[in-house]
Amino acid sequence: MNKHRTKTDSTILDYQSRVATLSKRCGLEANDENYFKKLVEQLLIEKEQISTSTWRKKKAALVWYLEKNNIQDLAASLLAITSEGTLKKPHRTSACKKKHLTKKEEDTIRQELESLHDAGDFWGLQLLPITELILTTGLRPIEMKAAKLYINQQELNSEIQDHLEHYSGNYPTLKIRNAKNTNGRSFGEFRYVDLSEVSHRNILAIRLALLHVNKARTTENDSVSFEDYYEVLRKAFSRLVNRLFSDKHKKISLYTYRHQCIANLKSAKTPLSHIAAIVGHGNDLTASEHYGKGRFGRGGAGLVKANPIDVGKVKLLFDKKVNKNLQPTQN
């Protein structure tokens with residue numbers, strides 16, 4: 001009866017993370033005799049507060065874990081519980097945002113932006129390079145205003161004293177001010193992203209995007225604050241998405257491109273600590289639990305790489321969490 005469907009590495013990683021979170025919330029160690037029963041109880045407690053989709057994912061993860069530990073009766077009981085009672089329409093705004101782009105969606109938006117760009121449309125000119133910037137580097141849209149591109153070591157050395165203490169990757173590199181550093185959710189004030197394997201086309205897009213952001217002008221050519229510029233930019237992108245995908249329940253936003261960048265890195269088997277260094281997370285657990293999944297990624301050539309110095313600052317929590325909370329019981 002203990003049949004296991006073949007799972008991809010990314011699926012198992014996702015299952016482990018979800019069960020580890022349940023384990024932490026239920027407050028019992030894995031060697032407690034009531035541990036497995038308490039995991040199921042914890043999931044049932046959360047059921048009314050999560051969406052049907054999230055319930056199914058957490059349920060599948062826990063069923064997998066129970067079967068892995070040969071707790072067949074409990075696994076069968078959980079498997080029989082339906083999604084009735086879950087939230088049909090999650091209240092959280094984030095639940096209505098897409099956390100990945102299909103290849104068709106990505107291509108459709110790019111083609112539309114290219115058409116608008118070629119026609120001289122104001123927001124088409126801005127959005128085409130900006131979406132490429134976020135998709136390539138994974139920066140938060142709000143971080144564009146303080147990002148700076150350095151083509152070679154001489155450029156970086158001319159502006160930053162003791163630059164070798166901060167960056168040890170190849171060039172070009174993008175220096176980004178971490179938006180979450182002030183509340184302790186990043187590893188430092190700045191991070192560096194290695195663009196040495198990024199295509200020449202995307203390097204040009206990054207350079208152009210930063211030029212637009214630094215100018216921060218409206219359609220009337222008035223100079224505005226970055227915050228006002230970004231708000232109008234975001235709305236212009238939302239209008240475009242609504243026009244292209246009017247039937248979509250979950251909406252694609254500029255932040256979706258950050259999720260997709262992370263999914264692409266996961267798909268390419270980039271270590272979680274390196275992903276955290278690239279996107280500005282303080283630990284290697286955040287991307288695993290809250291961002292785009294590897295199965296939605298399109299990893300391959302031309303991806304960014306982490307700055308080794310930044311990797312050394314990332315807190316390694318994922319393995320510790322899994323090892324602490326997911327030890328199998330002794331039969």
- Message: For the stretch 30-49: of the residues being touching a residue at least 40 places away in the same chain (Cβ under 8 Å) and not in a helix (DSSP H, G or I), which is farthest from Lys269 (Cα to Cα)?
- Response: Asn31
- Item | Leading residue by the ranking (most open to solvent (accessible area, probe 1.4 Å)) among those in the stretch 262-283 that are more than 12 Å from Lys305 (Cβ to Cβ) and assigned to a loop (DSSP other than H, G, I, E, B) | Lys269
- Query: Within the stretch 152-160, is even one residue closer than 22 Å to Gly302 by Cα, in a loop (DSSP other than H, G, I, E, B) and modelled with pLDDT under 95?
  - Reply: yes
- Item | Verdict on Ser115 being among the small types (Gly, Ala, Ser), open to solvent by 50 Å² or more (accessible area, probe 1.4 Å), touching a helix residue (DSSP H, G or I) at 6+ places or on another chain (Cβ under 8 Å) and not in a loop (DSSP other than H, G, I, E, B) | yes
- Item | Matching residues, the stretch 210-224, being surrounded by 12 or more Cβ atoms within 10 Å (Cβ to Cβ) and at positive phi | Ala216
- Query: Somewhere in the stretch 85-94, is a residue more than 25 Å from Ile252 (Cα to Cα) and either at pLDDT 85 or above or assigned to a loop (DSSP other than H, G, I, E, B) (or both)?
  - Reply: yes
- Task: Name the one entry in Arg185, Arg207 that is open to solvent by 10 Å² or more (accessible area, probe 1.4 Å), of a type in the set (Lys, Arg) and part of a loop (DSSP other than H, G, I, E, B).
- Result: Arg185
- Which one of the conditions (1) open to solvent by 20 Å² or more (accessible area, probe 1.4 Å); (2) of a type in the set (Lys, Arg); (3) touching a Phe, Trp or Tyr at 6+ places or on another chain (Cβ under 8 Å) does Arg140 fail to meet, given that it meets all the rest? (1)
- Note on the structure: Taking the stretch 188-204 and keeping residues aliphatic (A, V, I, L, M) and exposed (fewer than 13 other Cβ atoms within 10 Å of the Cβ) leaves Leu204
- Just for the stretch 52-65: of the residues that are within 10 Å of Ser83 (Cα to Cα) and touching a Lys or Arg at 6+ places or on another chain (Cβ under 8 Å), which one is least open to solvent (accessible area, probe 1.4 Å)? Trp55
- Query: Looking at the stretch 1-26, which of the residues that are in contact with a Lys or Arg (Cβ under 8 Å, 6 or more places away or on another chain) and part of a loop (DSSP other than H, G, I, E, B) is modelled with the highest pLDDT?
  - Reply: Thr8
- Filter result for Lys251 (within 30 Å of Ser51 (Cα to Cα), in contact with a Ser or Thr (Cβ under 8 Å, 6 or more places away or on another chain) and modelled with pLDDT under 90): yes
- Message: Only one of Ser115, Ser51 is farther than 30 Å from Arg207 by Cβ and of a type in the set (S, T, N, Q). Can you tell me which?
- Response: Ser51
- Query: Out of all the residues in the stretch 241-253, is one or more closer than 17 Å to Met144 by Cα, surrounded by fewer than 22 Cβ atoms within 10 Å (Cβ to Cβ) and touching a helix residue (DSSP H, G or I) at 6+ places or on another chain (Cβ under 8 Å)?
  - Reply: yes
- Task: Starting from residues that are assigned to a loop (DSSP other than H, G, I, E, B), touching a helix residue (DSSP H, G or I) at 6+ places or on another chain (Cβ under 7 Å) and at pLDDT 95 or above, keep the ones in the stretch 170-180 and report whichever is least open to solvent (accessible area, probe 1.4 Å).
- Result: Pro172
- Query: Does Leu101 qualify as being touching a helix residue (DSSP H, G or I) at 6+ places or on another chain (Cβ under 6 Å), assigned to a helix (DSSP H, G or I) and of a type outside the set (Ser, Thr, Tyr)?
  - Reply: no
- Is at least one residue of the stretch 122-136 outside any helix (DSSP H, G or I) and either free of Cβ contacts under 8 Å to residues at least 12 places away in the same chain or among the aliphatic types (A, V, I, L, M) (or both)? no
- Could you list, in sequence order, all residues of the stretch 16-51 that are acidic (Asp, Glu) and open to solvent by 50 Å² or more (accessible area, probe 1.4 Å)? Glu29, Asp32, Glu33, Glu41, Glu48
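The values are calculated or read from the model by the stated rules, or taken from the named source; none is laboratory data. These figures come from a predicted structure and were not determined experimentally. Neighbour counts are summed over all protein chains in view; Cβ atoms, including those assigned to glycine, are modelled from backbone coordinates with ideal geometry. Please note that ligands, DNA and RNA were not included when accessible areas were found on the heavy atoms of the full protein model with its side chains. Shrake-Rupley method; radii C 1.70, N 1.55, O 1.52, S 1.80 Å.
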